[in-house]
Amino acid sequence: ARVHDLNEALTGAGRRAARGLLSNYPLLGLAPVAEFAAGAGVSAATVVRFVAQLGFKSYPDFQRALREELEALKAGR
């Protein structure tokens with residue numbers, strides 16, 4: 001939901017990062033920054049800026065939130 005809410009505020013590269021993440025969610029976000037960047041066709045710096053625009057202090061914080069989301073989904077089964 002955060003990605004969709006932010007879409008209009010993103011640069012072209014930020015939108016590519018968002019599309020990459022959404023097309024391979026959440027696996028691309030759980031990969032190292034360099035792999036996320038390569039998978040989305042953007043630079044590592046773009047990925048870090050994108051994650052900051054989503055409201056995370058760091059890439060590890062972003063990944064922690066993804067893991068917590070997965071755990072919550074698994075627990076809700």
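The values are calculated or read from the model by the stated rules, or taken from the named source; none is laboratory data. Fair warning: this is a prediction, and the values are worked out from it, not measured in the lab. Counting neighbours? That spans all protein chains shown, and the Cβs are built from the backbone with ideal geometry, glycine included. Each accessible area value is taken on the protein alone, full model and side chains, heavy atoms only, with ligands, DNA and RNA left out. Shrake-Rupley method; radii C 1.70, N 1.55, O 1.52, S 1.80 Å.
Summary table
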item	result
Ala45 being surrounded by 18 or more Cβ atoms within 10 Å (Cβ to Cβ), at pLDDT 95 or above and more than 21 Å from Leu73 (Cβ to Cβ)	no
Elements of type helices (runs of 4 or more DSSP H) contained in the range 16-77, each with 3 or more residues being small (Gly, Ala, Ser)	33-40, 44-53, 59-75
Identity of the residue in the range 48-70, under 18 Å from Ala1 (Cα atoms) and polar (S, T, N, Q), that ends up modelled with the lowest pLDDT	Gln53
Residue tally, condition open to solvent by 50 Å² or more (accessible area, probe 1.4 Å) and of a type outside the set (D, E, K, R), over the range 1-26	9
Pairs where the first residue, in the range 27-41, is surrounded by 15 or more Cβ atoms within 10 Å (Cβ to Cβ) and the second is in a loop (DSSP other than H, G, I, E, B), C-beta under 6 Å, 6+ apart	Ala37/Ser43
Conditions (1) surrounded by fewer than 12 Cβ atoms within 10 Å (Cβ to Cβ); (2) among the hydrophobic types (A, V, I, L, M, F, W, C); (3) modelled with pLDDT of 95 or more: number failed by Leu73	(3)
